[in-house]
Amino acid sequence: MATTYEEVKVAGEFITIDLLVWRRFKRRTDGLVDRILMANPALAEAGPYLPIGTVVQIPIDAPTPGVARVEAIRLWS
């Protein structure tokens, strides 16, 4: 299945790819920053903060987060 992308234009200072992902999906998604960098090879050369006016292709479908198992910590056993 082909991935559909949405164009997002950077409109402010100190914007990172991770921040764009957070603003779009309102959650952390593993591997999405890597997918964005593969779809936009020139972004890695821009540095950590994207220049204003940069157009970024973001996948519309975010991977579903897996359920992480967390072990309970007992203070008194």
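Quick rundown of the values:
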{"read-out": "Residue in segment 18-33 that is at pLDDT below 90 and polar (S, T, N, Q) present", "value": "yes"}
{"read-out": "Number of positions in segment 40-64 that are within 15 Å of the chain's Cα centre (by Cα) and either of a type outside the set (S, T, N, Q) or in a strand (DSSP E or B) (or both)", "value": "15"}
{"read-out": "Residue list for segment 4-39, restricted to those being in a loop (DSSP other than H, G, I, E, B) and exposed (fewer than 11 other Cβ atoms within 10 Å of the Cβ)", "value": "Thr4, Ala11, Gly12, Glu13, Phe14, Lys26, Arg27, Asp30, Gly31"}
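The values are calculated or read from the model by the stated rules, or taken from the named source; none is laboratory data. On a predicted model such as this, the values are computed, not experimentally measured, just so you know. With ideal geometry, Cβ positions are generated from the backbone for all residues, glycine too; neighbour counts draw on all protein chains shown.
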